[in-house]
Amino acid sequence: MLLLSLVLAALLSFSMGALPHEDFLQCLSLRSNDSSTISSVIYTRNNPSYSTVLESTIRNLRFNSTNTPKPLVIVTPSRTSHFQATIYCSRKHGLQIRTRSGGHDYEGLSYVAKVPFVVVDLVNFQSVDVDVENRVAWVQAGAILGEVYYRIAEKSRTLSFAGGVFHSIGVGGYISGGGFGLLFRKYGTGGDNVIDAQFIDVNGRILDRKSMGEDLFWAIRGGGGGSFGIVLAWKLKLVPVPATVTVFSVSRTLEQNATQLILRWQEIAHQLPDEMNPDVSMFSVNSTQDGRKTILASFSSLFLGTIDELLPIMQQRFPELGLSRQDCSEMSWIESILYFNQLQNQPLEILLNRTFRNPLGGQYYKIKSDYVKEPISETALNGLFSRLSDEEASSAIIIFMAYGGIMDRIPEEATPFPHRAGNLYKIYYNVNWQEQDNVNSQKYIDWSRRVYNYMTPFVSKSPREAYANYRDLDLGSNNVGVTSYTQASVWGRKYFKNNFDRLVQVKTKIDPENFFKHEQSIPPLH
């Protein structure tokens, strides 16, 4: 009798678990104003296109294994009513929503969950409407940055948006996490250059800046995607760029005095003109002298101007680098996007390719970040270089990205992105590997954690800061169920510092029941 009861209970539990999925689909059909259109944007696991749609923008294949939790349903809305129906029916039938714009989420939070969930993919919301005369553009959140740059360049080669480097990044997630990019030392983050938005809240209301209020408008421009609702479109401020820009790259090994150059770079990079975006990339290579491993440091930058304007600046500020005319190339701004995506000599239309992968990463990767407020010593750098020579680091790259410029002059609380004055540079740690070695993925992840632990004394403290768009669950995560403020603040203060409390207040007001949530979403106060 007891065994029969247990079997019946298990069957009932399974049945109840399946019902929300079926009831959800029926709800969508009933709730939509046009059931025929919504049926064409719904993909269940039985749909032959389900896997293709799901995998289309998964950039980190760590989250595309047979063991990775998959959504019960994928919805690719083609009109606002589809979003409203999906939100309503998900709430009614107890399903979580994960919203995906470009799929570059480093921890897969936009398309993976440990509870029954639905993916809302914005692939059909990708229009870009450029108004050159007023220097603005309305961009739907499913567009990629390459589409934004391309559409602007169609109408003007001397305007752009202060966006990110890699062209296949989705605009929705990029701006929602702040938005770091090539022009940020001149014009600020992507979020700093948003002047309006179209937003759907938990109740299905469609809001703009005026109707949502300044607190929510502040929060969505850097408070992290998936916390407050769904942004459908952004109104972007376009910024001037010169007709001719210059890029350069100078590489030196440790044997060629790279360490001393990095020490000097730390002192001066943040003080270089706003028109520059200097960084140093470091990775392991085989020495040409005896075949042993050494570290190659590549010093590069975009400069908003000509070679003749750049060279005197570098000769005065950083003569040790020995930058020459031969190290530099002049091009248009839009061509510099191709350059930094390693797509030189490709037609501009390649920027419309949504399947392109980050040139810095492999198929599988782990990303971490840090902020540096005091120069790192030579001894500490040598310790970092020795770790880059480890076997696990054969495809790793570490980049120092200079701050300063206008970032020193924009208040920390201007948007939720708090990393402003006082930062010399950001560190980007990337360890990656290929499919054939994925069985050994843990050793690469462990390596990234060892390097991160080693760097503890040399980076920001109280809190140790991190960039929200470089999602890192090692910093902490929320419970699948009820998220506590105390628990979330462990990782939240690392991303948002003092702005975390204000984000919690906004969340409490706009989504008090915490419908929009994931492992690192802003919690409401309970």
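The values are calculated or read from the model by the stated rules, or taken from the named source; none is laboratory data. Worth saying up front: this structure is predicted, and the values here are computed from it rather than measured. Quick reminder, even Gly has a Cβ in these numbers, built from the backbone with ideal geometry, and neighbours come from all protein chains shown. Each accessible area value is taken on the protein alone, full model and side chains, heavy atoms only, with ligands, DNA and RNA left out. Shrake-Rupley method; radii C 1.70, N 1.55, O 1.52, S 1.80 Å.
Some observations on this one:
- Most to least accessible of Glu391, Glu335, Glu133 (protein chains only, probe 1.4 Å): Glu133, Glu391, Glu335
- Among the listed values [x] 26.6; [y] 48.7; [z] 25.3, the one matching mean projected area of the Cα convex hull in nm² as calculated from this structure is [x].
- Across region 477-493, the residues whose backbone nitrogen lies under 13 Å from the label position 7 Å along the beta-carbon direction of Lys114 are 477-483.
- If the chain linking Asn286 and Asn257 were pulled fully straight, counting 0.36 nm for each residue of separation and taking away their Cα-Cα distance, it would gain 8.8 nm.
- Solvent accessible area, Å² - Thr76, 1.4 Å probe, full protein context: 10
- Region 128-240 - percent of accessible surface contributed by carbon and sulfur, probe 1.4 Å: 43
- Simple Cβ-charge dipole of region 128-240, Lys/Arg +1 and Asp/Glu -1, about Cα centre, in debye nearest 20: 280
- Partnerless cysteines, meaning none of the other Cys C-beta atoms lie under 4.7 Å away, in the chain: Cys328
- In the chain, the longest principal axis of the Cα atoms and the axis of helix 441-454 are about 60 degrees apart.
- Helical content of the chain, expressed as a calculated mean residue ellipticity at 222 nm, amounts to -9500 deg cm²/dmol (DSSP H runs of 4 or more residues, -39,500 (n - 2.57) each, divided by residue number, nearest 500).
- Accessible surface, region 396-444, averaged per residue in Å² (probe 1.4 Å): 34
- Crossing angle, helix 485-496 versus the chain [Cα axis fit, 0-90 degrees, rounded to tens]: 30
- Residues of region 243-277 falling in the label zone of Glu330, defined by backbone nitrogen less than 15 Å from a point 7 Å along Cα to beta-carbon, are 243-248.
- Counted charge near Asp437, where neighbours are those whose Cβ lies closer than 13 Å (Asp, Glu -1; Lys, Arg +1): -1
- Of all DSSP beta bridges in the chain, antiparallel share, percent nearest 5: 90
- The chain, relative contact order in percent, only Cα pairs under 8 angstrom and at least six apart counted: 15
- Computed about its Cα centre, the charge dipole of the chain is approximately 960 debye, with only Lys, Arg, Asp and Glu carrying charge at their Cβ.
- Rounded tilt (10° steps) of 258-268 against the dominant C-alpha axis of the chain: 80
- For the residue pairs Lys114/Lys443; Lys235/Lys507; Lys368/Lys494, alpha carbon separations beyond 18 Å are given by Lys114/Lys443; Lys235/Lys507.
- Accessible surface of region 374-523 [probe 1.4 Å, protein heavy atoms]: carbon and sulfur percent: 50
- Dipole of region 20-121 [Lys/Arg +1, Asp/Glu -1 at C-beta], most positive-end residue of Ile87, Ser29, Asn47: Ile87
- Nearest-20 debye value, region 62-184 charge dipole, Cβ charges on Lys, Arg, Asp, Glu: 420
- The residues of region 128-240 have, on average, 29 Å² of accessible surface per residue, using a 1.4 Å probe with all protein chains present.
- Rounded to the nearest 10 Å², the accessible area of Leu475 at probe 1.4 Å: 10
- Shown here for region 223-311: trypsin sites (Lys or Arg not before Pro) in loop regions (DSSP other than H, G, I, E, B) with at most 11 other Cβ atoms within 10 Å, namely Arg292.
- Rounded to 5, the percent of DSSP beta bridges in region 20-121 classed as antiparallel: 25
- Each other residue within a Cβ distance under 13 Å of Leu351 adds +1 if Lys or Arg and -1 if Asp or Glu, for a net charge of -2.
- Taken per residue, the accessible surface of region 20-121 reaches 41 Å², heavy atoms only and a 1.4 Å probe.
- Rounded accessible area of Asp208 (nearest 10 Å², 1.4 Å probe): 70
- Local electrostatic count, Leu272, Cβ distance below 14 Å [Lys/Arg +1, Asp/Glu -1]: -3
- Region 20-121: relative contact order in percent, alpha carbon pairs under 8 Å with at least 6 residues between: 33
- Two-site FRET efficiency, Asn498 against Arg45, from Cβ-Cβ distance with R₀ of 45 Å, rounded to 0.05: 0.55
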